1. Which of the GluC sites (Glu not before Pro) found in the stretch 188-248 are loop residues per DSSP with 14 or fewer other Cβ atoms within 10 Å of their Cβ?
2. List, in order, the whole-Hz ³J(HN,Hα) value for each residue of the stretch 262-267 obtained from phi through the Karplus relation with A = 6.51, B = -1.76, C = 1.60 and θ = phi - 60°; use x for Gly and Pro.
3. So what's the gap between the Cα centers of the stretch 208-234 and the stretch 74-152, to the nearest angstrom?
4. Under the 0.36 nm per residue contour assumption, what length would be gained going from the current alpha-carbon distance of Asp268 and Gln50 to full extension?
5. Compute a Gaussian network model of the chain, connecting alpha carbons closer than 10 Å, and tell me which residue from Leu22, Leu184, Leu63 fluctuates the most.
6. Looking at the square roots a ≥ b ≥ c of the eigenvalues of the Cα gyration tensor of the chain, which shape do they give, rounded for a/c under 1.5, prolate if a/b is larger than b/c, or oblate?
7. How would you classify the stretch 74-206 from its alpha-carbon gyration tensor, with a ≥ b ≥ c the square roots of the eigenvalues: rounded for a/c under 1.5, else prolate if a/b is greater than b/c, otherwise oblate?
8. Under 5 Å between amide H atoms, partner at least 5 residues away or on a different chain: which partners does Leu61 have, H built in plane at 1.01 Å?
Amino acid sequence: MPEPAAKLPAAPAWLGDLDRELDGLKADGLYRLTRSLQSPVGPEVVLDGQRLILAASNDYLGLAGHPALARAAAEAAQSRGAGAGAARLVSGGFDLAERLETELAAFKGVDRALVFSTGYMANLGVISSLVGPGDAVFSDQLNHASIVDGCRLSRAERYVYDHNKVGHLAELLARTRGRYRRRLIITDGVFSMDGDLAPLPELAALSRDEEAILAVDDAHATGVIGEHGGGSLDYYNLSPGLVIQIGTMSKALGALGGYVAGPAVIIDYLRNRARSFFYTTGLPPAVLGAARQGLELVINEPERRQGLKQRAGKLRQDLADRGWLVPPGETPIIPIIVGSAHRAVELSARLLEQGILIPAIRPPTVAPGTARLRLALSAAHTGEHLSRIMGALDKCR
Ligand SMILES: *Cc1c(COP(=O)(O)O)cnc(C)c1O
């Protein structure tokens, strides 16, 4: 019989500390709860029992809830089972993972690709294996948290350059010539909170001149931008060369999992050095099956991203015409800047009352004074969804 709780010693101090910190978050309006999704992800969902228009997900092409992906997942599970058993280097990886890697490499126009469990782990793996003590990493100020964490994990010297300011980066690179064994420049391809693009042509030229490695995290770009949906290099019509392309299968591709695509030597190196690759269990068949199907739809149904681009452009224009502050852009991430955190939270709550979920993004995620609604459009949103969103926003003026 376990001892009754009442006889346990009084709560230790550290437990009280944690509790007080949570109270502090509540007082500051920063306390978070997870909501319960009772439907597939799509333009309309059931969340905590409420039917909502969802303009908050990264499911840009409407594939997360697509029946073809669910079917592919089920078939892969039927034929290969539920789990991977161990890390790929220990007990072997599924043939499905290898096929996915071949398909991703072809899609990205490079030699090889390596699949990771998530995009987060891909970033940890790339950064911490390519640079370490005695090296330097140059990271855009607005890069994703997984890049920030990868930089910290690497123990390389960290330089944060002003957002998209190539001049600032060039200065840092010029100043650090010859000081390090290796230098890595890393940037989001499409920035998650502003939906703007990294200046890749300039970054690529700079990395060549300075003999630095360039890695681009195309989590929000793959499947969405570029003539072939290939991401930021495709958008700028740049050949990949030595650029390392990182990404995720969890956004436009509708499934889960990260990848790194690039020259054979780099991929080979990562497979042998990236701890976030070899100390974790391989992706399960269902996820691999769904990701392959998602990629196939990205390639074979270009009308999804074309329609999305066109509708996102029109929505930006309509919002601006109605007086909302919407920076220009070319991606389905549409920030509606409202200023104060309080106002952003209030707007988001009023939209929710009207059956629309558009999250408020506050500092420190974004700069003070630029709190916003982050509207993320999907190819699955219909014209009617958009007019309902617009109508609800109008009522909030
Ligand atoms: C979402 C995201 C990731 C993480 O990808 P997951 O597969 O969800 O772990 C990494 N980088 C960027 C820029 C992202 O937006």
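1. Details: sites: Glu202, Glu210, Glu211, Glu227; in loops: Glu210, Glu211, Glu227.
Those that pass, being in a loop and sparsely packed, are Glu211, Glu227.
2. After applying 6.51 cos²θ - 1.76 cosθ + 1.60, I find x, x, 3, 4, 5, 5 Hz.
3. The distance from the Cα centre of the stretch 208-234 to that of the stretch 74-152 comes to 16 Å.
4. Numbers: separation 218, 0.36 × 218 = 78.48 nm, distance 4.78 nm.
That works out to 73.7 nm of additional length.
5. Sorting by GNM fluctuation, first place goes to Leu22.
6. On the way: a/c = 1.21, a/b = 1.15, b/c = 1.06.
Judged from the Cα gyration tensor, the chain comes out rounded (a/c under 1.5).
7. Details: a/c = 2.43, a/b = 1.91, b/c = 1.27.
The shape class here is prolate.
8. Ala379
All of the numbers you see were taken from the coordinates with simple rules; none came from a lab. All of these numbers come straight from a predicted model, not from anything done at the bench. With ideal geometry, Cβ positions are generated from the backbone for all residues, glycine too; neighbour counts draw on all protein chains shown.
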